[in-house]
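Below: one structure, written as structure tokens.
The values are calculated or read from the model by the stated rules, or taken from the named source; none is laboratory data. Keep in mind that what you see is a predicted model, and the values were worked out from it rather than measured. When we count neighbours, we look across all protein chains shown, and the Cβ atoms used for this are built from the backbone with ideal geometry, even at glycine. Side chains included, ligands, DNA and RNA excluded: accessible areas come from the protein's heavy atoms. Shrake-Rupley method; radii C 1.70, N 1.55, O 1.52, S 1.80 Å.
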Amino acid sequence: MLKFPSDVVDSPILAETVLKTGVLINILRAKVDYDEGTIVISILGDEEQQRKIVDTLIEKGIEVSRLEKNITNDISRCVDCGACISLCPTGAISFNKDWSINVDGEKCIRCGVCVEACPLRSLSIQEE
Amino acid sequence: MKTIEEINRRIKNGEVVIVRADEMPELFEENPRRAAEEVDIVTTGTFGAMCSSGAFLNFGHSDPPIKMTKLWLNEVEAYTGLAAVDAYIGATQISEDKGFEYGGGHVIEDLVAGREICLRAESYGTDCYPRTRVETTLTIDDLNQAILFNPRNSTQRYNAAINSTDTVLHTYMGTLLSNRRNINFAGTGEISPLVNDPEYRTIGFGTRIFLGGAKGFVVGEGTQHDPKNGFGSICVKGNLKEMSDRFLSGATIPGYGTSLFVGIGIPIPILNEDIARNTAVRNNEIKVSILDYGVPRREKPIVKEVSYEELFSGRVEIDGKKVKTSPLSSVKISIEIMERLKELILDKEFFLTKPIQSLPRDTELKTMKLREEVPFVEDVMTKNVIVAHPRDSIITVSELLVEHGIDQIPIVDKKDKLVGIVTSWDITKALARHEKKLENIMTKKVITSKKDEYLDVVARRLDKYQVNSTPIVDEENNVVGIITLADINKALRRR
Ligand code: SF4
Ligand code: SF4
């Protein structure tokens, strides 16, 4: 997750970074307000390439943090109804053999559809 | 042939044979006679959002006493049109402070879980009940009675839902993605209680059931009980104080409201081979219609007929595309309910009952009688629509607006197809910014409607998208009319 301070909100930092490093990124979510912005990206490439992107961004004054967890399910709330399954664009949620729910953080692109739709409010996406 | 008394005797003697509804088909197919003779009880289960649920609560009297005329529990209003301190909290009543995020279903869950509830009540005061306000906190243990009483639960059969429109819909069937990208279905299929006794041979008035983690009873047929079309349902009650929040959960159906997930298990006594055959039903034999919820009418068009087997497989083919499915009921917890019920019986804590009366098999389902017909768009829309073309100048369009005293103009191309819309506000902005081209200021994604839609439906659409008008187009996207908020208000006020 990238935090843009107010003085760089309007410069094309991501594009510059991609051009400079030659490493591709995927923008998963972006929220830009008048004084700051947060953008969630996934970096395509190996560890060294990821490092390159992160270093370049930090140089430009961006706060970079690694989001360890994408989607998480609070199993004390979840009733395994499955309402979330068909909504997920990447198939990150599925049934196990015993009809319990399996959420795969690796496949999650943080779109938030399932979080919004879960009737038990048991799904969440790590924001910080 | 067996009797309920014999089965209860076998329970007492520790000889009873119980199988789950999902285990019965195989046993029955192997040897129907033997299955009917050897199996005494088949347990069934369901756990899903059941909106027609709620609880009667009695709070005891305060000193000085109050005759509650308005009551809120955690800011969710409960019905008090009963005796002084009796109330009914309904699952779908939403809270006044948290909206859809908290409602009557959540209050019931909090009570069952033993959590504290804030009570606030008002009254006009009487000679015998002088108090006019009361505020306190309490738990379920402080109540005299807490009775779960659900007028309609465990419906026999459900339709599935899909959405053919190009916007996401939030319905009581969950979130439906646009352009038929998902299918939601309810019910647990072959393990669902009424599916295993579709002729109500063993389930009737007074049947003891597993309800919300405790013992409960079938009170009678449910509201909207529609046995002729296979949509039977039951009305159930039980002691909330004995129940568990594992089997009762408050729920938010996004964009729709709140509800209560209710767990119900019903033991079916296998009295003869016919009853055994009914419990041997398999998912592939239970048909479900997938309806298009994009049509906000009572009768929705059927997109496809499928079976529960197909729905549970995770994908259903619609027009050559595999569409993902979601159940809305929990199979996992339903299986747990069947197991729990089995244990309770094996532990001799749960005995079967013979219904004191059968559920009706011939009631007709009525629809709401309306005093007046609801108008259609066609009856109200303006047919001679003033239109403009993308190449027209801003000045020309502003003149048209003034001349005809209108606030918006649909923009059509050479073939009269709708390509955009311009409002007087857009024109004002254009003038302020010295924008000359109509094309650059028109809204291209226009909210359109059809002339055969109900006015109420279009009114809801205008409200949803916060627009003041909608062009009416035909199948070819030709503008055939326009309707404004003012037109709708006038027509609806006349009603
Ligand atoms: S929608 Fe919520 S409660 Fe249902 S299975 Fe998914 S995470 Fe669990
Ligand atoms: S947030 Fe989106 S991508 Fe992630 S699990 Fe939920 S629906 Fe799938």
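Quick notes on this structure:
- First in the stretch B:267-279 and open to solvent by less than 10 Å² (accessible area, probe 1.4 Å), second anywhere and of a type in the set (Gly, Ala, Ser) and in a loop (DSSP other than H, G, I, E, B), Cβ under 7 Å, 6 or more apart: B:Thr279/B:Ala21
- Test: A:Lys60 is within 13 Å of chain B (Cβ to nearest Cβ), basic (Lys, Arg), over 19 Å from B:Ile183 (Cα atoms) and more than 16 Å from ligand 2 (Cβ to nearest atom): no
- Count - residues of the stretch B:225-262 that are touching a helix residue (DSSP H, G or I) at 6+ places or on another chain (Cβ under 8 Å), buried (at least 24 other Cβ atoms within 10 Å of the Cβ) and away from chain A (no Cβ under 14 Å): 5
- The stretch B:368-383 - residue that is closer than 16 Å to B:Pro296 by Cα and not in a loop (DSSP other than H, G, I, E, B) and, of those, least open to solvent (accessible area, probe 1.4 Å): B:Val377
- Selection status of B:Gly114, outside the structural domain of B:Arg246 (by TED's automatic domain parsing), open to solvent by 10 Å² or more (accessible area, probe 1.4 Å) and modelled with pLDDT under 95: no
- A:Val79 being open to solvent by 20 Å² or more (accessible area, probe 1.4 Å) and within 10 Å of ligand 1 (Cβ to nearest atom): no
- Of B:Thr136, B:Thr92, all but one fail to be more than 19 Å from B:Thr258 (Cα to Cα) and modelled with pLDDT of 95 or more; the exception is B:Thr136.
- Total residues in the stretch A:82-112, condition more than 9 Å from ligand 1 (Cβ to nearest atom), in contact with a helix residue (DSSP H, G or I) (Cβ under 6 Å, 6 or more places away or on another chain) and more than 17 Å from B:Val323 (Cα to Cα): 1
- Tally, over the stretch A:99-111, of residues that are touching a Leu at 6+ places or on another chain (Cβ under 9 Å) and within 12 Å of another protein chain (Cβ to nearest Cβ): 1
- Some residue of the stretch A:42-50 being within 14 Å of chain B (Cβ to nearest Cβ), open to solvent by less than 70 Å² (accessible area, probe 1.4 Å) and in a helix (DSSP H, G or I): no
- Matching entry among B:Glu96, B:Glu30, B:Glu101 (being farther than 22 Å from B:Pro151 by Cβ, within 14 Å of chain A (Cβ to nearest Cβ), surrounded by fewer than 18 Cβ atoms within 10 Å (Cβ to Cβ) and out of contact with any helix residue (DSSP H, G or I) (no Cβ under 9 Å at 6 or more places or on another chain)): B:Glu101
- Taking the stretch B:22-110 as the region of interest, the strands (runs of 3 or more DSSP E) fully inside it that hold 1 or more residues being closer than 27 Å to B:Phe247 by Cβ and without any contact (Cβ under 8 Å) to a residue 40 or more places away in the chain are B:76-78, B:86-90, B:99-103.
- Of all residues in the stretch B:384-406, those that are open to solvent by 60 Å² or more (accessible area, probe 1.4 Å) and touching a residue at least 12 places away in the same chain (Cβ under 8 Å) total 3.
- Residue within the stretch B:431-438 that is of a type in the set (A, V, I, L, M), in contact (Cβ under 8 Å) with a residue 12 or more places away in the chain and crowded, with 18+ Cβ neighbours inside 10 Å present: yes
- Candidates B:Ile117, B:Ile18, filtered to the one that is β-branched (Val, Ile, Thr), closer than 24 Å to B:Asp347 by Cβ and away from every other protein chain (no Cβ under 14 Å): B:Ile18
- Note on the stretch B:297-326: among residues that are buried (at least 17 other Cβ atoms within 10 Å of the Cβ) and closer than 30 Å to B:Lys366 by Cβ, the one that is nearest to the other protein chains (Cβ to nearest Cβ) is B:Leu311.
- Matching residues in the stretch A:113-126 - criterion: being free of Cβ contacts under 8 Å to residues at least 40 places away in the same chain and either more than 9 Å from chain B (Cβ to nearest Cβ) or among the β-branched types (Val, Ile, Thr) (or both): A:Val113
- Single residue of A:Asn73, A:Asn96 found to be within 11 Å of ligand 2 (Cβ to nearest atom) and within 14 Å of chain B (Cβ to nearest Cβ): A:Asn73
- Filter pass, B:Ser334 being open to solvent by less than 40 Å² (accessible area, probe 1.4 Å), at the interface with chain A (Cβ under 9 Å from one of its Cβ atoms) and among the hydroxyl-bearing types (Ser, Thr, Tyr): yes
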